[in-house]
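Just below is one structure, and these are the notes that go with it.
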Amino acid sequence: LQPLANCHRAAGARVTLSAEFGQSSTFRRSGRSCGATKNRCSRRPPAGEPGVLSDTGRLAPSRRRLLMAACAASARGLATHKKPQQVVIAGGGVIGCATAYFLAKEHGIGPTIVDRKSIAAAASGNAGGFLARDWNDGSPTQEMTHRSFDLHATLAEDLKKYGATDYRRLTCVAVGVDGRTAVQKPGGKKLENVDWADSAGVMGMRPMGDESTIAQVHPRKLCDAFVAAAKDLAGASVVEGCASGLREEDGRVTGLELSDGTCIEADAVVLCMGPWSHALGRPKTEKLGLRGDSDYSGWGLQNCPLVVGTKYHAVLLQAPRVLSQSVFFQGLGDPEVYPRPDGEVYVTGSPDPADIVRDLPGETEVRDEVCDQLVAKMNVLSSELKDAPINHKQACHLPSAVDGVPVVGELRSGAYVGYGHGCWGILLAPATGEALANQIATGESPFLDLGRFDPRRF
Ligand SMILES: Cc1cc2nc3c(=O)[nH]c(=O)nc-3n(C[C@H](O)[C@H](O)[C@H](O)COP(=O)(O)OP(=O)(O)OC[C@H]3O[C@@H](n4cnc5c(N)ncnc54)[C@H](O)[C@@H]3O)c2cc1C
């Protein structure tokens, strides 16, 4: 049985759009490759990297590598890179928050985060928070994924004093279901090796990872902890505002313009606006047609790959006890189920077609009928979750770049971007934030080669 061969989040799944968009009308969506290559996983334990100095007084490995990278950069003439004094980040999703954290922690820079709505207002506050170390093996994000999965484990400790992130290790299985049988004869005995799902209609199952390769975190709590730490460590701040353009002088970025006509001065600007990063590459004359903001226009920046959003609904059910196995069903609309350590169970699936996002952040319409279908599926698949109380219904957009590969790096002198992480943005945020912070502060990214993610690759 290959239960997830057609998984709707499979890597490279094609996303077709209308011909409205200049760059391309067909997109590759990076996705959950569902463990197809998981056997190649090295299954290394997370790399713990304690403080700056080890017990022996030597520099901790991460600091040593930063120092070596700085020396190498200097030898190549990059020593001219000036550490910026004022950094502004547009977008308080998980990518912006992680970047702020690493700027503060590793470089003592306290950036200003500007968000149109609030921290984690969009996908970053509504995602599942599922993390898999080896599901991207063989894809362009393999190294980023390994680095990030390991960083999550370190962060679980480092961020503790700034608030719980609900990080935990857990197991995952893929379950192939014959929907018709499951609906006609729901229930049956418990599914072998899954403590909460029923066996009715199940055609086969496959382990997708254990505690060494699967983990989860609460996305909103992670964002909040990143921001609290960045404030504490280096005086970062958060302001509400709608970023609308870059101010540049003599070919260098000098500030972030806001739609109210003000400008926040900066010598480095980071653009992490999730699916709204679509605005960056559109002409300045183009009104973007956001619902509720008819004035918002393109930024007219070159080399900004187009990003689209895939709208997903999710429901949060309250289980009678804490469950600890994530399940990817195939069949019955392919629901993905992530139980959380507080007894909540996150259920998502059945995405809308990908499109340019016109909703304002945090104002995505929730269609009751889609949520009701997700609940109905759980009623069929699990007698334990049948008629469980519904804590929350939600919808948000998963941001994917034109070729399905995240867009991360320097766009032009003093301007950096980080967007398009698809269904793995929570997983990939730490490595992305760390790499961006290092590049902004030192001109180098010693732990992750950003070449593959270069915004200028098109
Ligand atoms: C249903 C669902 C489940 C998911 N589950 C997982 C999962 O289990 N694991 C995983 O790794 N990933 C998951 N993802 C993917 C992940 O949520 C996203 O990749 C990630 O949250 C994207 O983060 P971001 O910071 O790029 O963008 P966003 O979270 O979209 O944040 C962008 C921010 O920019 C702000 N903004 C927009 N325009 C402006 C402007 N003009 N000025 C200022 N601010 C602006 C918005 O208010 C918003 O806060 C899931 C996604 C969805 C939709």
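The values are calculated or read from the model by the stated rules, or taken from the named source; none is laboratory data. The model shown is predicted, which means the values in this text are computed figures rather than measured ones. Here the Cβ positions follow ideal geometry from the backbone for every residue, glycine too, while neighbour counts run over all protein chains shown. The accessibility values were calculated without ligands, DNA or RNA, using every heavy atom of the protein model including side chains. Shrake-Rupley method; radii C 1.70, N 1.55, O 1.52, S 1.80 Å.
General observations
- Flag if residue 166 is open to solvent by less than 40 Å² (accessible area, probe 1.4 Å), within 28 Å of residue 334 (Cβ to Cβ) and either of a type outside the set (Gly, Ala, Ser) or in a loop (DSSP other than H, G, I, E, B) (or both): yes
- Among the conditions (1) open to solvent by less than 10 Å² (accessible area, probe 1.4 Å); (2) more than 12 Å from the ligand (Cβ to nearest atom); (3) not in a loop (DSSP other than H, G, I, E, B), residue 323 misses just one, which is (3).
- Scan the stretch 140-198 for residues that are basic (Lys, Arg) and either touching a Ser or Thr at 6+ places or on another chain (Cβ under 9 Å) or not assigned by TED's automatic domain parsing to the domain that holds residue 102 (or both) and the total you get is 6.
- Hits in the stretch 92-113 - residues which are β-branched (Val, Ile, Thr) and buried (at least 24 other Cβ atoms within 10 Å of the Cβ): 94, 95, 99, 109, 113
- Options 233, 258: the member that is away from the ligand (no atom under 13 Å from the Cβ) and either assigned by TED's automatic domain parsing to the domain that holds residue 418 or touching a helix residue (DSSP H, G or I) at 6+ places or on another chain (Cβ under 6 Å) (or both): 233
- Members of the stretch 85-134 found to be within 6 Å of the ligand (Cβ to nearest atom) and of a type in the set (Phe, Trp, Tyr), listed by number: 130
- Qualifying positions in the stretch 363-416 - out of contact with any helix residue (DSSP H, G or I) (no Cβ under 7 Å at 6 or more places or on another chain), within 30 Å of residue 273 (Cα to Cα) and polar (S, T, N, Q): 364, 391, 413
- Index of the failed condition, residue 415 passing every other in (1) within 15 Å of the ligand (Cβ to nearest atom); (2) surrounded by fewer than 24 Cβ atoms within 10 Å (Cβ to Cβ); (3) within 20 Å of the chain's Cα centre (by Cα): (3)
- When residue 286 is tested against (1) in the same structural domain as residue 422 (by TED's automatic domain parsing); (2) in contact (Cβ under 8 Å) with a residue 40 or more places away in the chain; (3) surrounded by fewer than 17 Cβ atoms within 10 Å (Cβ to Cβ), only condition (2) is not met.
- Scope the stretch 188-227; condition open to solvent by less than 30 Å² (accessible area, probe 1.4 Å), more than 24 Å from residue 428 (Cβ to Cβ) and touching a Lys or Arg at 6+ places or on another chain (Cβ under 9 Å); matching residues: 196, 197, 198, 200, 201
- Strands (runs of 3 or more DSSP E) completely within the stretch 372-444 that count 3 or more residues being not assigned by TED's automatic domain parsing to the domain that holds residue 280: 390-401
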